[in-house]
């Protein structure tokens, strides 16, 4: 696609009336150089002679003369009724000399979408935990994907358009770093009601997701040299976020009741905080028991430490009743609570939240502002309406019914096609099932084979900080139809049957 | 406004069939406790007995019995055709016992918008540099505000709605951490053309603004204990961002040509990076001269250090021709370039960008992902169209004409009303004018008086890290009509005339 002309090519034309060089020659030289340097590209439109003369504050004659020369030499070409463009076919093999050409060869990143207009990322790399987010693909059994096909698109687009049309200058300016008042109030009410979180609107900070929330927690709670307890196994990106301020990570084993509190105590007094996923431990799926929760709160109060509660995947629970948040059991203000709308609405929304104890509120608002000032206002407005008008509660109820079906399809398919080589460890909640592989089967190998067959998964072994690692697959079911899940389990069964043990 | 019912009140109802307590009593106790604890609030809707019975997997009878009792005692109230709600007037002074009430008294932050549905922040605090962003107000002479009244609202809303209606599941899922391919390509073309930046689409990373960009630079380029050179005076929030990874800030004086390179050299080899604002030094307004630019590039190459070029306010230049970016003069890959659309489009957009040398690309993409995964997709799609379809170039041209008028109104008003007590230091570019106050007049005092008269400004003295500070006012003119600016300068003149020297 051709872009419209930018009159802003002035940096390429440092015209100097006292240089002793004719103006038309300076304009010719500047444009030719910009084209040869690859700063103006074949097919790109250049300003009309009239506009350029105005911008340069010169008469039109030297501009016309320069353009005529460039057209004559083939650097520019005119198209009737469309304007003047840098030639698609440049003279004297000029493009070979473009120094920028060498740049593209040094790319070592997975982000090689280059300059196409496609937004689809490459899907060919196998899916390990931290890389999985980069993969724009929607292949089974990608984790953390909600049922995007069942999202109420029309309703959401209506709310977005409603506010998009009517943004006031104030709403377009700098927003409150803590978030839009209406959204904070709506989130507080939702969390009190659905999660038994004890909070007021002013305890809530709107951020761009749980990754940002964890980074802000690290900035406020952890100094360089402090230790922070993390779950082992745990969420690799959480470890990256918590270590960002120079804190040292202290992995604490997780058993069937949650984090091992005795091991936590044994770490001593340098541990300033513990980060836990009480509703649905990442990746094992267990829910921290009430006894363990109380012991964790006692540890924090006793040590003067903080608990960072990532209430990830708390919205959907299929087995036994949901427990309220750990935060709601805490009477001593030691818990910082965080969550995100990525998995209950859609990831590209980029809205999450923190609930912080009153004594930390000021520090958190300052750290949130220093992080990236504030969150985009349009989606905050639309989301506040979505919550207040009751659409969110309805959406959760509807999604839960859909996920019950998809989860059943996955468990059924695994039992039918993968039995003996794969065992389900936990499927109680959330959008993924945790499985273990039979002795001798390496999860990385299986995932590589899955990649060749159009599937993906997250390796359980990639979630460990230490060297004692279990081999298993984390299989997301949220984003795929029951039929697609059924077919995918059959393929997975074939891969497992062929796996060397 | 009343919210719709959430069926997700289950955490408050830990029903136990083996507890020896009748089910209706357990339901009554759970709801009453949630109301008394303030987790369910007066006026809030509760689920219907039918829905709650389904959610609890009990028969409807115990739920009906519990509701009847709560209605009878006044905890709940029914409204014909509307459902059942927590009573607005609760019995036996229950609300006095809500333990959460004490929380609101400990607020020490400026974010006290509380639980109202209004998005307007408090405007009563005087405006010092880091706090200025928190002030949602649009009072003259607030800095960094573009002409939001002249923004092409209808066109922008159309682009947003176009994509909002048509988001595909892929676009709703996890995006590329480096940004949408189409937007990166459009930004690269704009920067090559308008700023002579040497870049390809894959060198561009989309982030949420310059604050995020600076944080990501700090994460990649600076380790704890490293030193980073910053401009003195400089941008306070940049210092906060660059120090976030534990680096030590080394302020380097700025004179009329830019950063003092001899002073930079004198800092020695521990300096890993220098952060500069070459187009429009914040806050003094000077443009770094070509000689100083070359010396800076030599310093970086010689030391193996990095230059962080914040190309802030480069888009509008009123005096002399624009220089291209420092990045475009660098042949050794030592410059990380950053910019934002906050001031050329609108702040609540939250889109900025980094252009990174190829050898750092992989590290930057990883750091950007660890920061907050990726930027919201909808605005990336709309912005890519805005750039590619030529609206952006037209917008810049139109805005420039408007700012020429507003700048003239400010300079004219200052000359007429404030002469003698205030002198203009720089008005060459960007959206603010830098002024010095006459000896003995403290900028903080003037700004306090301005606050009483509905005006604001940023104190020049707040931009210094050291104790040698000049007193002056940074006066933004972008966001206010010529008439409003004229009136505001008259008021400022009255304040200055009354100021103690």
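The values are calculated or read from the model by the stated rules, or taken from the named source; none is laboratory data. Source: prediction; values computed, not measured. No Cβ is skipped: glycine too gets one built from the backbone with ideal geometry, and neighbour counts run over all protein chains shown.
Tabulated values for the structure
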{"item": "Matching entry among A:410, A:387 (being in contact with a helix residue (DSSP H, G or I) (Cβ under 6 Å, 6 or more places away or on another chain), away from every other protein chain (no Cβ under 14 Å) and in contact (Cβ under 8 Å) with a residue 40 or more places away in the chain)", "result": "A:410"}
{"item": "Segment B:303-312 - residue that is without any contact (Cβ under 8 Å) to a residue 40 or more places away in the chain and part of a loop (DSSP other than H, G, I, E, B) and, of those, surrounded by the most Cβ atoms within 10 Å (Cβ to Cβ)", "result": "B:305"}
{"item": "The one condition in (1) at pLDDT 95 or above; (2) within 18 Å of residue B:361 (Cα to Cα); (3) more than 7 Å from chain A (Cβ to nearest Cβ) that residue B:223 fails to fulfil", "result": "(1)"}
{"item": "The lone exception for residue A:126 - which of (1) outside any helix (DSSP H, G or I); (2) at the interface with chain B (Cβ under 7 Å from one of its Cβ atoms); (3) at pLDDT below 90 it fails", "result": "(2)"}
{"item": "Tally of residues being under 14 Å from residue B:267 (Cβ atoms) and crowded, with 19+ Cβ neighbours inside 10 Å across segment B:291-302", "result": "3"}
{"item": "Whichever residue in segment B:229-249 is part of a strand (DSSP E or B) and without any contact (Cβ under 8 Å) to a residue 60 or more places away in the chain and, among such residues, is farthest from residue A:244 (Cα to Cα)", "result": "B:231"}
{"item": "Residue check, residue B:489 more than 23 Å from the chain's Cα centre (by Cα), touching a residue at least 60 places away in the same chain (Cβ under 8 Å) and surrounded by fewer than 17 Cβ atoms within 10 Å (Cβ to Cβ)", "result": "no"}
{"item": "Considering residues of segment B:78-103 that are touching a helix residue (DSSP H, G or I) at 6+ places or on another chain (Cβ under 7 Å) and over 12 Å from residue B:36 (Cβ atoms) only, the residue modelled with the highest pLDDT", "result": "B:84"}
{"item": "The lone exception for residue A:339 - which of (1) more than 9 Å from chain B (Cβ to nearest Cβ); (2) touching a helix residue (DSSP H, G or I) at 6+ places or on another chain (Cβ under 8 Å); (3) surrounded by fewer than 22 Cβ atoms within 10 Å (Cβ to Cβ) it fails", "result": "(3)"}
{"item": "Subset of segment A:152-166 [touching a residue at least 12 places away in the same chain (Cβ under 8 Å) and more than 7 Å from chain B (Cβ to nearest Cβ)]", "result": "A:152, A:155, A:156, A:159, A:162, A:163"}
{"item": "Selected residue (only one of A:144, A:132 is outside the structural domain of residue A:358 (by TED's automatic domain parsing), modelled with pLDDT under 95 and in contact with a helix residue (DSSP H, G or I) (Cβ under 8 Å, 6 or more places away or on another chain))", "result": "A:144"}
{"item": "Members of segment B:250-290 found to be surrounded by fewer than 21 Cβ atoms within 10 Å (Cβ to Cβ) and assigned to a helix (DSSP H, G or I), listed by number", "result": "B:261, B:262, B:263, B:265, B:266, B:290"}
{"item": "Residue B:393 being under 30 Å from residue B:480 (Cα atoms) and either in contact with a strand residue (DSSP E or B) (Cβ under 7 Å, 6 or more places away or on another chain) or assigned to a helix (DSSP H, G or I) (or both)", "result": "yes"}
{"item": "Odd one out for residue A:375 among (1) modelled with pLDDT of 95 or more; (2) buried (at least 20 other Cβ atoms within 10 Å of the Cβ); (3) in a helix (DSSP H, G or I)", "result": "(3)"}
{"item": "Single condition residue B:430 does not satisfy, out of (1) surrounded by 22 or more Cβ atoms within 10 Å (Cβ to Cβ); (2) at negative phi; (3) more than 14 Å from chain A (Cβ to nearest Cβ)", "result": "(2)"}
{"item": "Residue within segment A:350-357 that is within 8 Å of chain B (Cβ to nearest Cβ), crowded, with 23+ Cβ neighbours inside 10 Å, under 14 Å from the mean Cα position of the chain (by Cα) and touching a residue at least 40 places away in the same chain (Cβ under 8 Å) present", "result": "yes"}
{"item": "Residue in segment B:253-275 that is within 13 Å of chain A (Cβ to nearest Cβ) and within 29 Å of residue B:322 (Cα to Cα) present", "result": "no"}
{"item": "Which numbered condition residue B:315 fails, given (1) crowded, with 18+ Cβ neighbours inside 10 Å; (2) at pLDDT 90 or above; (3) closer than 27 Å to residue B:403 by Cα", "result": "(2)"}
{"item": "Unique residue being at pLDDT 95 or above and under 20 Å from residue B:292 (Cα atoms) when the list is B:212, B:186, B:250, B:182", "result": "B:250"}
{"item": "Members of segment A:168-196 found to be over 24 Å from the mean Cα position of the chain (by Cα), at the interface with chain B (Cβ under 7 Å from one of its Cβ atoms) and either over 29 Å from residue A:364 (Cα atoms) or not in a helix (DSSP H, G or I) (or both), listed by number", "result": "A:173, A:196"}
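Let's see how each residue does on (1) outside the structural domain of residue A:75 (by TED's automatic domain parsing); (2) at pLDDT 85 or above; (3) in contact with a strand residue (DSSP E or B) (Cβ under 6 Å, 6 or more places away or on another chain):
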position: A:3; (1), (2), (3): yes, no, no
position: A:19; (1), (2), (3): no, no, no
position: A:28; (1), (2), (3): no, yes, no
position: A:32; (1), (2), (3): no, yes, no
position: A:44; (1), (2), (3): no, yes, yes
position: A:49; (1), (2), (3): no, yes, no
position: A:53; (1), (2), (3): no, yes, no
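Results for (1) out of contact with any strand residue (DSSP E or B) (no Cβ under 9 Å at 6 or more places or on another chain); (2) touching a residue at least 40 places away in the same chain (Cβ under 8 Å); (3) within 15 Å of residue B:339 (Cα to Cα); (4) not assigned by TED's automatic domain parsing to the domain that holds residue B:317, shown as yes or no for each residue.
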{"residue": "B:179", "(1), (2), (3), (4)": "no, yes, yes, no"}
{"residue": "B:187", "(1), (2), (3), (4)": "no, yes, yes, no"}
{"residue": "B:191", "(1), (2), (3), (4)": "no, yes, yes, no"}
{"residue": "B:195", "(1), (2), (3), (4)": "no, yes, yes, no"}
{"residue": "B:206", "(1), (2), (3), (4)": "no, yes, yes, no"}
{"residue": "B:212", "(1), (2), (3), (4)": "no, yes, yes, no"}
{"residue": "B:216", "(1), (2), (3), (4)": "no, yes, yes, no"}
{"residue": "B:219", "(1), (2), (3), (4)": "yes, yes, no, no"}
{"residue": "B:222", "(1), (2), (3), (4)": "no, yes, no, no"}
